[in-house]
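One structure below.
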Amino acid sequence: MAAKDQSTVKQIIDSVKNGVVKPVYFFTGSETHALDVLSDFFEKEVVPEENQGFDQTVVYGLDTNMKAIVDTAKQFPTFPTTKYRLVLVKEAQHLDTRDNSEWDVLINYLEHPSDLSIIAFCYRNKEFKNAKLKKAISSKGVFFETPKMYDNQVPAWITRYVAEQGYTISQQSAAVIAESLGANTSKIANELSKVFISLPKGSAVTNDIIEREIGISKDYNVFELTKALGCKDVLKCNRIVNHFAANPKDNPIQKILPNIYNHFIKVMIYQQLTDKSSQSAASALGINPYFVGDYKTAALNYSLPKLAAIIGYLKEADLKSKGVRNTGTVTDGEIIKELVFKILH
């Protein structure tokens, strides 16, 4: 079974709960929250809690090797109430597999795997390239690969995840979280857990709550800055960049510049679209149709030559932030202020 759709997380869990169990599971990909959910399920629910000290082995890739993993899987469960002995390998990307001989041990095991054991691998944040092993696992077990999460997909993921937990969130609030936390879904889920604790089911996750529980300012964030730049709201832009300059640790220039760059690249693309209808533009820009209006506004305020100049300003700011043509006397806050001034004027 080779699975690539994130929704199959539920299918895998439901299959195990229903007694349809495979000898080997391999979970990989960059969408780490899905891997966390699967890892937690196997660790907490496959072996009865009272038997986990005897029939469950949790190891980390740096601390083990494939022979030890397979040898453990060949052992019988200690108690009759344990249907399957579990070997859970966390951070499996750190296994020493440079010459592939480690994977060959697993491939050989898969020829005659134990019916009374489960090996589950969590291989995080690293592309898995061993086609031979992938084929072997898929034929006897479950190979689950999460799709790459792109930045423009994160707000939709947040909206879906919040709904799955029994809450609601606006598209704008989801975008604020995405802009601040990036595409690390495990980090996003962890931060949102702080919000859920404080809210009754069915409540809305608002910007005020996000600011109070997660610490993401509802007024001073990159999402609000790019929106203000698009509208040429000089006063609001100055307020935001002054806040950034006063709080550099919470607003690193390494996060600000890419977001501004991506925003204006999308404005350039919008400028040149033949079909500027909401759905068509959203598809071309890779955004939710809800935000098309922001790019339409920016496209009216900036000509193509000015947009080209802005991309140049951004590259210059990036070089300065890395010490190029900067003796170290110019702070990141001053670089951002200068950049925003050039964009607006």
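Each reported figure results from applying straightforward, stated rules to the coordinates on display, with no laboratory input. The structure displayed is predicted, hence computed values, not measured ones. Every residue, glycine as well, gets a Cβ built from its backbone with ideal geometry; the counts of neighbours run over all protein chains shown.
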Options Asn247, Gly215, Thr226, ranked by Cα towards positive dipole end of region 188-345, top entry (Cβ charges) = Thr226
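Give, to the nearest whole percent, the P(r) tail of region 222-344 beyond 18 angstrom, counting all Cα pairs.
Details: 3847 of 7503 pairs.
Value for region 222-344 (Cα pairs over 18 Å): 51 percent.
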Within region 113-171, list the trypsin sites (Lys or Arg not before Pro) lying in a DSSP loop whose Cβ has at most 10 other Cβ atoms in a 10 Å radius.
-> Lys129
Where the centroid of each part is defined by its Cα atoms, how far is region 194-219 from region 85-119 in Å?
-> 42
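Taking loop as defined by DSSP and a crowding limit of 12 other beta carbons within 10 Å, which trypsin sites (Lys or Arg not before Pro) in region 262-345 fit? Mind showing how you got there, number by number?
Details: sites: Lys266, Lys276, Lys296, Lys306, Lys315, Lys320, Lys322, Arg325, Lys337, Lys342; in loops: Lys276, Lys322, Arg325.
Qualifying residues, ordered by number: Lys322, Arg325.
Which three numbers, in whole Å and largest first, are the semi-axes of the equivalent ellipsoid of region 54-133 derived from its Cα gyration tensor as √(5λ)?
23, 14, 10
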Add -39500 (n - 2.57) for each DSSP H run of 4 or more in the chain, then divide by its residues: what number comes out at 222 nm, to the nearest 500 deg cm²/dmol?
-> -17000 deg cm²/dmol
Cα centroid separation, region 239-280 to region 293-345 (Å) = 10
Quick one: work out Rg over Rh on the C-alpha atoms of the chain, Rh as Kirkwood radius.
-> 1.07
Scattering profile of region 2-146 at q = 0.14, 0.15 Å⁻¹ [log10 I(q)/I(0), Debye over alpha-carbon scatterers] = -0.59, -0.69
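Is there a quick way to get the dipole size of the chain? I mean about its Cα centre, with the Cβ of Lys and Arg at +1 and of Asp and Glu at -1; what is the value in debye to the nearest 20? Walk me through the intermediate numbers first.
Numbers: 41 positive and 39 negative charges, 202 e Å.
About 980 debye.
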